[in-house]
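Take a look at the structure below.
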Number of protein chains: 2
Amino acid sequence: MARERKFSTSDLFQSVKHILLQHGYDGFTISLLADRLEVSRGALYKYYDNKDELITQFMVYEMEQFIDELKEINSHTGFEPKFSFLMETIFNKTELHQLIPIAKQIKHHPDGKENKDKLEKLPLEMYRYLQDFISTGKKEGKLKSHIPDSVMLGMIFQSVAIPNHFGIPKAEWIASIKDILSDGMFVSR
Amino acid sequence: MARERKFSTSDLFQSVKHILLQHGYDGFTISLLADRLEVSRGALYKYYDNKDELITQFMVYEMEQFIDELKEINSHTGFEPKFSFLMETIFNKTELHQLIPIAKQIKHHPDGKENKDKLEKLPLEMYRYLQDFISTGKKEGKLKSHIPDSVMLGMIFQSVAIPNHFGIPKAEWIASIKDILSDGMFVSR
DNA sequence: GTCCAAAGTGACACTCGTGTCACTTTCTTT
DNA sequence: AAAGAAAGTGACACGAGTGTCACTTTGGAC
């Protein structure tokens with residue numbers, strides 16, 4: 001290294017996240033990012049060919065980190081503890097789910113699409129990791145076997161995105177969702 | 001009217017919807033719309049001050065239409081029929097839920113914000129209409145009374161957005177979701 | 001047939017963000 | 001201290017989309 005860098009990759013990703021969450025995909029500009037890092041736009045183009053590649057790499061990073069956290073699920077034994085861990089992990093990373101619609105907006109250039117592929121495969125990889133959890137649950141007779149795994153996982157993951165319009169306290173909010181996912185909204189007869 | 005219009009408002013909204021779903025918010029341009037309607041861009045500016053006002057008006061129209069459909073819920077008697085109607089209505093209008101993230105991206109100009117207000121209030125109006133349904137369900141002892149209404153409605157509405165990655169047939173897909181919402185994923189003990 | 005008001009046109013000026021590149025700065029190596 | 005490699009700068013060319021406006025077209029009213 002001939003000269004010290006003015007910003008680290010994690011500085012950068014942190015800023016990218018901040019800007020994306022605040023301004024959304026199309027509100028994100030290289031200038032905004034450069035200002036925040038106190039460098040010139042040109043400097044950023046030294047490391048990333050273009051805006052979309054930058055955002056894609058950020059997304060991959062963010063997803064991989066999340067998947068790493070999820071892997072911890074295997075350190076819990078028994079179905080209920082695993083389920084609780086899963087819910088906690090998901091609800092502690094609410095921002096990630098705000099990033100998903102943003103990720104879908106990325107306009108991928110014809111060339112350099114390796115990262116695009118990677119990004120598209122990550123959600124599937126995640127599903128695979130959790131497949132175990134679900135099938136264990138079914139085998140143990142805890143989960144209904146006639147409901148497809150993907151519906152269950154889909155419901156679980158989608159639940160973070162529910163807007164809490166009326167500001168229900170976080171603990172009650174999560175408990176309610178867990179309750180519905182587990183035993184439904186209906187009073188059991 | 002001194003001269004016949006080349007396009008009706010519903011022509012226009014239909015095209016707007018098509019373009020928004022295909023290209024997303026930032027992919028939407030007045031040129032694209034003008035081309036599709038076979039008019040010049042200038043013509044569109046005769047009716048709408050700017051792009052965002054146009055999209056906002058479209059969104060309001062779309063939401064109001066959906067709310068009208070939902071109002072039909074009162075023509076059904078009994079809790080289960082109402083619930084089924086609600087699920088059907090929601091899952092027959094999947095596009096609308098793809099429009100929601102798009103609506104959030106609208107950049108509202110400082111002036112002319114009446115429509116913006118309207119758009120923000122509509123989801124709440126919708127909640128109000130369905131409040132009845134939920135509270136009736138609770139009173140009749142069908143729904144768990146300790147779970148907040150907004151969590152229930154949130155879960156119901158959010159469920160359309162679950163991506164069906166593995167292409168499960170629509171009927172099975174909806175039935176599974178209904179099942180989870182009603183009685184949960186857990187095997188009842 | 002003339003008038004006029006609404007509908008439509010397309011060229012124009014403008015803004016904003018992108019990506020490039022020759023150049024400067026800073027530090028390490030020898 | 002000279003060389004040179006990596007980091008950073010800022011002016012530039014460019015493209016795409018926006019919104020405006022003087023002008024043309026159309027068709028009903030009189």
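The values are calculated or read from the model by the stated rules, or taken from the named source; none is laboratory data. Keep in mind that what you see is a predicted model, and the values were worked out from it rather than measured. Using ideal geometry, Cβ is built from the backbone for each residue, glycine included, and neighbour counts are taken over all protein chains shown. Protein only, heavy atoms only, side chains kept; ligands, DNA and RNA dropped before computing areas. Shrake-Rupley method; radii C 1.70, N 1.55, O 1.52, S 1.80 Å.
Screening residue A:97 on (1) without any contact (Cβ under 8 Å) to a residue 60 or more places away in the chain; (2) more than 16 Å from DNA strand D (Cβ to nearest atom); (3) within 14 Å of chain B (Cβ to nearest Cβ) shows it passes everything except condition (1). Here the condition is being crowded, with 18+ Cβ neighbours inside 10 Å and closer than 20 Å to residue B:130 by Cα; of B:93, B:82, B:71, B:118, it holds for B:82 alone. Just the residues that are more than 7 Å from chain B (Cβ to nearest Cβ), open to solvent by less than 70 Å² (accessible area, probe 1.4 Å) and acidic (Asp, Glu), please, taken from the range A:124-179. Once the filter is applied, which keeps residues that are more than 7 Å from chain B (Cβ to nearest Cβ), open to solvent by less than 70 Å² (accessible area, probe 1.4 Å) and acidic (Asp, Glu), the range A:124-179 yields A:125, A:149. Of all residues in the range A:136-158, those satisfying the criterion of being assigned to a helix (DSSP H, G or I) and in contact (Cβ under 8 Å) with a residue 40 or more places away in the chain are A:136, A:137, A:156, A:157.
The helices (runs of 4 or more DSSP H) found wholly in the range B:22-114 and carrying at least 2 residues that are within 30 Å of residue B:138 (Cα to Cα) occupy B:51-71, B:79-91, B:94-103.
On the basis of being facing chain A (nearest Cβ under 9 Å) and open to solvent by 70 Å² or more (accessible area, probe 1.4 Å), does residue B:109 make the cut? So residue B:109 does not fit the description; no.
Within the bounds of the range A:12-34, is there any residue that is of a type in the set (S, T, N, Q), within 14 Å of chain B (Cβ to nearest Cβ) and away from DNA strand D (no atom under 16 Å from the Cβ)? Walk me through how you get there before you give the answer.
Going residue by residue through the range A:12-34, those that are of a type in the set (S, T, N, Q) are A:14-15, A:22, A:29, A:31.
Now narrow it down to the ones that are within 14 Å of chain B (Cβ to nearest Cβ): A:22, A:29.
Of the ones still in play, those that are also away from DNA strand D (no atom under 16 Å from the Cβ) are A:22.
Among the residues of the range A:12-34, at least one is of a type in the set (S, T, N, Q), within 14 Å of chain B (Cβ to nearest Cβ) and away from DNA strand D (no atom under 16 Å from the Cβ), which makes the answer yes.
Here residue B:45 passes the criteria (1) free of Cβ contacts under 8 Å to residues at least 24 places away in the same chain; (2) surrounded by fewer than 14 Cβ atoms within 10 Å (Cβ to Cβ); (3) near DNA strand D (Cβ under 8 Å from one of its atoms) except the one numbered (2).
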